[in-house]
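Laboratory data are not the source of any read-out in this text; all were calculated from the coordinates shown. Predicted model, so just to flag it, every value in this text is computed and none were measured. Every residue, glycine as well, gets a Cβ built from its backbone with ideal geometry; the counts of neighbours run over all protein chains shown.
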Amino acid sequence: MIVDDHEVVRRGIAEVVERAEGMHVVAEAGSVADGVRRAGLVRPQIMLVDLQLPDGTGIDLMRKVRETQPEVRAIVLTSFDDDDALAAALDAGAVAYLLKSVRGAEITDVVRAVAAGRTLLDERTVTRHKAGHEDPTEHLTPSELRVLDLIGEGLSNREIAERLSVAEKTVKNHITSLLAKMGLQRRTQVAAWVAARKHSGWRAEPGDS
């Protein structure tokens, strides 16, 4: 069963799964409520679950389904490469975790492995994931963090200087320093990083997409 609130994504995944030998999509759903209802009707062997749904999260769905069907094996398929999401998915009983950026063949490989009883998500995975995803802003000074936020708002160096009441050269020095600390090379990369960070929260309020 595939649960994702974006129909295009859901259909795309369904087509990939249906083309794979020995696999069949028994149901599709676009919300937690719909997912719980359909799971009760079709009793799927495996659920591919998006984390962010209109009426809750994939975590909510996995917990509710597993209350009545503990044998269901859940694979989290999401856009959010997030430590908290990974830990929450593991806590809710997910046995695998896939980013939506993976190729179709990888999805079917994971489904096949999970169907065979393998668990691809465990405490070691979470620990290893966290170790490889340290906060790149951890060593920035308060002034550099403020400059970082203002770059994310789209302000120019001159506008940042005016906002902070400092010389434009001081702003440039802050940017040079924060680029080095974050392992980036260009100001545009900083803006893109801030934008991605703002949209990376998987616990969005119901109704957000």
| message | Given axes a ≥ b ≥ c from the Cα gyration tensor, I'd like to know whether region 1-115 is rounded (a/c under 1.5), prolate (a/b larger than b/c) or oblate. | response | rounded
| About the Cα centre, charge dipole magnitude for region 15-90 (Lys/Arg +1, Asp/Glu -1 at Cβ), debye | 440
| Considering the dipole of region 1-90 built from charges on the beta carbon (Lys and Arg +1, Asp and Glu -1) around the Cα centre, which of VAL32, ALA89, LEU53 is farthest to its positive end? | VAL32
